[in-house]
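These notes concern the structure reproduced below.
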C-alpha cells in the first residue's frame, strides 16, 4: 500500500488523522493496526483531507505576506506568557475543580497547549497574540484534561460548562491561529 501520507505508529488505541498547513497528511496509528484498517480510515476521510488541503493552499497564499516572528518577538511573547498564563490557570483551576503540576511556556509549532498524565501543563507563547478569550479557552481545555484525558463527550461537556461559547474560540484557533503559527514556522 502506498498512500501519500506519513504513518506514525505508537501505543495509541485509535487511528488519528492530521492534515498540516504545509500539506503533510499524517495518520497516527496503533502498533497493531493493519494496512487494511489504515487504508479504510484514509479512504473514508479522503474528501475531508482534500478539503483541508485546499483550505491550507488558499490560506498559504493569503499568509505569504505576513511578517515572520523574530527571535526577539518570540522572547517577548514567552516572557509575557510566563506572567499571564499562570494567572489564568490559577483563576480557572478551581472553577474546573482540578489541581495541576508545573506550567511550561514553549514556542510550539503545532500545538496551543497540552496536559501530561502527571498534570503538567504546556502552553504556546503565541497565545499572547490571541484574544484573551481564546487564551482562556486553551487554559480551560487543558485543565479539563485533568478530568478527562481524551476528547470524549464528557470532556467537551466540561469545557462547555466552564466556557459555554468555547466553539467560537476553537474556531478562531483554526482560522486566525493558523496565521500565528505560519508566522512562527513559515508553513
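What follows is calculated from the coordinates using simple rules that are stated; it is not laboratory data. Since the model is a prediction, treat every value here as computed from it, not as a measurement. Glycine also receives a Cβ, built like all others from the backbone with ideal geometry; neighbour counts cover every protein chain displayed.
Before moving on, here are some points about what is shown:
- Per-selection metrics, segment 1-109 (Cα): Rg and Dmax in Å: 19.4, 50
- Annotation: extensible slack from residue 64 through residue 168 equals 34.9 nm (criterion: 0.36 nm per residue apart, minus Cα-Cα distance).
- Using a simple spin-label model with pseudo-atoms 7 Å out from Cα toward Cβ, residue 22 and residue 75 lie 2.6 nm apart.
- Between residue 156 and residue 185, the simple label model (points 7 Å from Cα in the Cβ direction) yields a spacing of 2.4 nm.
- Distant alpha-carbon pairs in segment 114-182 (separation over 16 angstrom), percent: 48 percent
- Structure-based [θ]222 nm, the chain - -39500 (n - 2.57) summed over DSSP H runs of at least 4, per residue, nearest 500: -17000 deg cm²/dmol
- Percentage relative contact order, the chain, counting C-alpha pairs under 8 Å, at least six apart: 17 percent
- Contact order relative to length of segment 77-174, as percent, for alpha carbon pairs under 8 angstrom and 6 or more apart: 28 percent
- Global size of segment 6-63: 12.7, 41 Å for Rg and Dmax (C-alpha atoms, Rg to one decimal, Dmax whole).
- Rg and Dmax [Cα atoms of segment 40-164; Å; Rg one decimal, Dmax integer]: 16.9, 46
- When DSSP beta bridges are restricted to pairs lying wholly in the chain, around 45% turn out antiparallel.
- Estimated FRET transfer efficiency (residue 91, residue 40; beta-carbon r; R0 45 Å; 0.05): 0.50
- GNM top mover of 125, 29, 115 - the chain, alpha-carbon springs below 10 Å: 29
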